[in-house]
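Encoded as structure tokens, the structure appears first; notes follow it.
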Amino acid sequence: MSVSHKRTVIAWEKVRAVIFDVDGTLYNQRSLRLLMLRDLIMYYFMHSSCWKDLLILHAFRRFRENMAERSQGDGEIYKIQCQLTAVKLGVSVKRVEACVANWIMSHPLQYLKSVQFPGILEFCRSLEAASIKLAAFSDYPAEEKLKVLGFPNMLTVCSVDKEVNCLKPDPKGLLFAARKLSVPVDACLLIGDRDNRDGECARRIDMPYLIKTRYSSRPNHFRCYGDLHEEFNKVRGRLEWDNISIS
């Protein structure tokens, strides 16, 4: 049964840049985690001596979540995260870094295309055709992910970049992206999947935002990119018709 589309609160005619979160926004993160869990179980069943890597991954992710709630000062977030994980589990920092590089950065790439949200690439092409700038802002390096997913070249900003060094919901990364795009904050649109991270990040600087979600029907939430694309095309078509009529 089809679900009727409810228009969002976005004034598309004012949007000059769209900044995408990556994990959970461009692809189904829950599906990816299930695939990764399967591979992890299979691998460590065959390599039981490496079981502690499972604890490393769990601790690393937990520290990332906890660090988002407080300022990190001048330290490098990724290094701090690895050091905290190493101390907690009594392993070397190099082992933590190797585990993260494999299971969080590298191994998931092979599955991204299969869990990509339908309609997202078509939506991006329409944005580009309307001369709207595109960018990605993620807590993890995103260049390889964007390449695998087939996205056009775009500005990529990461929370661990030295110019940012702040996790969401701190808005420093969003402000940095807007400056690099040379677009005013209120003319940018953030699209994310977590209201307490992405939504809060945008609210702190009054940037318009949308949240990709399966459940909520709130005006600044949407369920699929097909609906969002359709809404954008309707506004774009009306503006083009108005310009023709004026000329």
(request) Report the residue count in region 96-113 for those that are without any contact (Cβ under 8 Å) to a residue 40 or more places away in the chain and either touching a helix residue (DSSP H, G or I) at 6+ places or on another chain (Cβ under 6 Å) or over 19 Å from I80 (Cα atoms) (or both). (result) 5
(request) For residues that are in contact with a helix residue (DSSP H, G or I) (Cβ under 6 Å, 6 or more places away or on another chain) and surrounded by 19 or more Cβ atoms within 10 Å (Cβ to Cβ), scanning just region 202-222, find the one that is farthest from A135 (Cα to Cα). (result) F222
(message) Condition first: free of Cβ contacts under 8 Å to residues at least 40 places away in the same chain, hydroxyl-bearing (S, T, Y) and over 18 Å from N28 (Cα atoms). Now tell me which residues in region 165-219 satisfy that.
(response) S182, Y209
(request) Would you be able to tell me the number of residues in region 155-170 that are out of contact with any Asp or Glu (no Cβ under 7 Å at 6 or more places or on another chain) and at pLDDT 95 or above? (result) 2
(message) One residue is enough: does region 238-245 have a residue meeting the conditions of a type in the set (S, T, Y) and in contact with a strand residue (DSSP E or B) (Cβ under 9 Å, 6 or more places away or on another chain)?
(response) no
(message) Which residue is modelled with the lowest pLDDT, if the candidates are limited to region 209-247 and must be among the β-branched types (V, I, T) and more than 16 Å from F117 (Cβ to Cβ)?
(response) I246
(message) Residue under question is L121, and the condition is that it be in contact with a Leu (Cβ under 9 Å, 6 or more places away or on another chain) and among the aliphatic types (A, V, I, L, M); does it hold?
(response) yes
(request) Evaluate the following for H5: is it surrounded by fewer than 17 Cβ atoms within 10 Å (Cβ to Cβ), under 30 Å from V235 (Cα atoms) and modelled with pLDDT under 95? (result) yes
(request) Only one of these is within 20 Å of C82 (Cβ to Cβ), buried (at least 19 other Cβ atoms within 10 Å of the Cβ) and in the same structural domain as K212 (by TED's automatic domain parsing): L127, L146, L167. Name it. (result) L167
(request) Being among the charged types (D, E, K, R) and either more than 21 Å from Q110 (Cβ to Cβ) or free of Cβ contacts under 8 Å to residues at least 24 places away in the same chain (or both) is the filter here, so list the residues in region 140-161 that pass it. (result) E143, K147, D161
(request) Tell me which of these D206 doesn't satisfy, since it passes every other one: (1) modelled with pLDDT of 95 or more; (2) in contact with an Asp or Glu (Cβ under 9 Å, 6 or more places away or on another chain); (3) at negative phi. (result) (3)
(message) Give me the residue from region 63-96 that is surrounded by fewer than 17 Cβ atoms within 10 Å (Cβ to Cβ) and of a type in the set (K, R) and, out of that set, modelled with the lowest pLDDT.
(response) R70
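The values are calculated or read from the model by the stated rules, or taken from the named source; none is laboratory data. As the structure is a computational prediction, the values presented were derived from the model and not from experiment. Glycine gets a Cβ as well: all are built from the backbone with ideal geometry, and neighbour counts include every protein chain shown.
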